[in-house]
Every structure is written in structure tokens, then in C-alpha cells.
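Beneath this line is the structure, given in C-alpha cells, with notes to follow.
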Amino acid sequence: YKRITTKTLIEMKEHGEKISMLTAYDFTMAKIVDSAGVDVILVGDSASNVMAGHETTLPITLDQMIYHASSVVRACERALVVVDLPFGSYQSDPKEALRSSIRIMKESGGHAVKLEGGSEIKDSIKKILNAGIPVMGHLGLTPQSIYKFGTYTVRAKEDEEADKLLEDAKMLERIGCFALVLEKIPAHLAEKVAKSISIPVIGIGAGGGVDGQVLVIHDMLGMNNEFNPRFLRRYLDLYEQMTGAIGKYVEDVKSKDFPNTSEQY
Ligand code: KIV
Ligand code: NA
């Protein structure tokens with residue numbers, strides 16, 4: 001199995017091959033995602049919501065991200081593993097951003113880091129890149145800034161914000177990011193960004209005119225039955241299937257059907 005690298009992704013864009021990316025936060029799930037042929041596994045700070053049950057991504061710590069990332073790295077033979085820098089681990093200054101990135105690379109074995117933001121964190125991204133650590137950008141809806149935005153609605157609908165986003169994307173390419181996530185922005189703007197830069201643009205709720213797609217694994221498997229954004233396609237209804245299976249187990253235990261004579265020693 002050929003390992004996916006940051007170079008592979010840039011080649012995929014050159015050849016017009018779309019990039020598939022999903023999140024994973026633990027060994028067993030990452031093993032399934034890697035085996036199924038997903039190109040990039042993101043250890044997202046969405047772990048704060050999906051794994052820990054927090055309302056936002058803000059509470060998850062760097063130590064907790066490293067724990068999730070190291071579990072994922074142990075499972076991956078082919079996928080590139082990208083790890084989110086959590087809120088509070090890079091915003092203070094470039095030195096802190098580099099220190100946090102080094103901890104992720106050393107302690108988890110991940111292959112790259114992702115940070116939210118554009119011009120505001122330019123110096124931090126440069127510092128991380130100078131240390132030889134690949135960086136994926138993240139623009140548009142940036143959930144770590146939820147208390148500034150106030151809502152999780154579509155970003156960059158107005159010209160001013162759209163212009164800044166395009167400028168930020170060009171800057172991220174210029175300073176050396178290997179790829180960029182665009183979250184929840186109009187499809188025409190995302191397509192324009194993807195056409196304006198040569199590094200891959202991976203979208204979530206950003207339409208089909210970009211170079212790849214990312215979804216949160218629990219959402220696309222339908223484990224999360226309360227989350228219904230327009231951009232989400234569900235490939236399974238695991239919430240229903242799992243509650244059904246678990247309900248059947250409870251029934252079988254209560255009725256003494258389980259275990260039967262062949263299921264014991
Ligand atoms: O944390 C996450 O899952 C993400 C993706 C939605 C891009 O950042
Ligand atoms: Na994230």
C-alpha cells in the first residue's frame with residue numbers, strides 16, 4: 001500500500017482526482033476508515049462534540065487531541081493523518097503555535113496539523129512551516145470562533161468577507177500550506193478559490209467545485225440523528241441500526257435466549 005503524502009494530494013489536484021477525507025478519533029474507527037481507502041484522516045477538534053459531548057469545540061485540550069491522534073496514527077497504513085490544533089494552543093503567539101505543533105508531531109506521530117484562520121495567524125503558520133511541519137489551513141466557518149460569529153450559519157455571503165477569504169486562501173498557498181479546508185461557504189466562492197490556487201481545497205458544505213470533500217464520520221454514518229445540515233449526506237442509519245441491535249440484545253438477555261447452549265463453555 002502506497003502511503004498518501006502531502007505531495008500525493010497536490011498531484012491529485014493536478015490530475016483532477018478528487019480527494020476523500022473523513023474524521024476519526026479512535027483506533028478501531030480509523031482502521032475501518034483507512035482500510036476503506038480514504039485518502040486523508042482528520043483528527044478533528046470536532047472530537048470535543050462527537051467524543052466528549054461538549055456543545056462547542058472550545059473545551060478540548062491539546063493533551064486530549066494528542067490522545068485521539070496517537071490512537072488514529074496506530075491504525076493507519078495508507079491515509080495521511082492531519083491533526084487539529086485545539087482552541088487555545090496556538091492563538092497567543094507563533095512560539096506557542098510551534099510548541100503545540102511539535103507536541104502533536106512528537107507525541108502522536110501525526111503527519112500534519114490544521115489551524116483555523118487566515119491573516120490573523122499568518123506568522124504562526126510560517127513558524128510551524130519553518131520547522132518542517134506541514135500545515136493545512138481552514139477558512140470560512142471556523143467553529144473555534146463561534147462566540148464571535150454567534151451562529152453556525154453559512155459564512156462569506158457578503159462581498160467583503162468573500163474578498164478577505166480569497167485573499168487569505170492565496171496567502172496560505174503563498175506561505176506554503178499544502179492544502180486548505182473551506183467550511184460552509186457558497187459553492188460559487190469555494191469553486192473560485194479552488195481555481196485561484198494550486199494547492200488542494202477540501203470542502204465541507206462548500207459544494208462540488210472544490211478538490212475534495214470532508215465529513216465528520218459519525219455524521220455520515222448516521223450515528224448522530226439530531227444533526228441535519230443541508231450539506232450532510234448519510235450513508236448509513238447507524239443510530240437506528242445500533243439501537244435496534246442493542247435493544248434486541250437486551251430482549252435476549254431478559255428472555256434468557258442469550259446465551260444458548262452453543263454460546264457457553
Ligand atoms: O474538526 C473537524 O471535524 C473539522 C472538519 C469539519 C473540517 O475541522
Ligand atoms: Na476542526
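We did not get these values from a lab; they are worked out from the coordinates using the rules stated. Because the structure is a prediction, the values reported are computed rather than measured. Every residue, glycine among them, receives a Cβ derived from its backbone with ideal geometry; neighbour counts consider all protein chains shown.
To the nearest 10 degrees, how steep is helix 238-254 against the longest Cα principal axis of the chain, on a 0 to 90 scale?
Helix 238-254 sits roughly 20 degrees off the main axis of the chain.
Excluding residues fewer than 8 places away in the same chain, name every one of the aspartates and glutamates whose C-alpha is closer than 17 Å to that of LYS157.
In chain and number order, the partners are GLU167, ASP168, GLU183, GLU191.
For the chain, what is the calculated [θ] at 222 nm in deg cm²/dmol (nearest 500), taking -39500 (n - 2.57) for each run of four or more DSSP H residues and dividing by its residue count? Write down the numbers at each step before the final one.
On the way: 11 runs with 111 residues, N = 265.
Rounded to the nearest 500, the figure is -12500 deg cm²/dmol.
Take the Cβ-Cβ distance between GLU240 and THR61 as r, set R0 to 30 Å, and report the resulting FRET efficiency rounded to the nearest 0.05.
Using R0 = 30 Å, I get an efficiency of 0.35.
Ranked by Cβ crowding within 10 angstrom, fewest neighbours first, how are TYR147, TYR67 ordered?
Sorted ascending by nearby Cβ count, the order is TYR147, TYR67.
How far, in nm, would the chain grow between ILE175 and ILE10 when pulled straight, counting 0.36 nm per residue and subtracting the alpha carbon separation?
Value of the extension gain: 57.9 nm.
Amide H neighbours of ALA179 under 5 Å, at least 5 residues apart or on other chains, H built in the peptide plane: list them.
For ALA179, whose amide H was placed from the backbone, the distant partners under 5 Å are GLY137.
Taking the 0 to 90 degree range and rounding to the nearest ten, how far is the long axis of helix 62-73 tilted relative to the main principal axis of the chain, both from C-alpha atoms?
Helix 62-73 sits roughly 70 degrees off the main axis of the chain.
Please arrange THR61, THR261 by counting, for each residue, the other beta carbons lying within 10 Å of its beta carbon, fewest first.
THR261, THR61
By how many nm would the segment from SER262 to LYS18 lengthen if fully extended, with 0.36 nm per residue of separation less the alpha-carbon distance?
Details: separation 244, 0.36 × 244 = 87.84 nm, distance 4.87 nm.
Using 0.36 nm per residue and subtracting the Cα-Cα distance, I get 83.0 nm.
With axes computed from alpha carbons, what is the tilt in degrees of helix 94-108 against the longest principal axis of the chain, rounded to the nearest 10 within 0 to 90?
30 degrees
Under 1.5 on a/c is rounded, so check that first for the stretch 136-175, then, if it is not, pick prolate when a/b is larger than b/c and oblate when it is not; a ≥ b ≥ c are the square roots of the alpha carbon gyration tensor eigenvalues.
Here the stretch 136-175 falls in the oblate category.
So which lysines pass the test for LYS7, namely a Cα distance under 19 Å, with those fewer than 8 places away in the same chain ruled out?
Partners within reach: LYS18, LYS114, LYS126, LYS170, LYS195.
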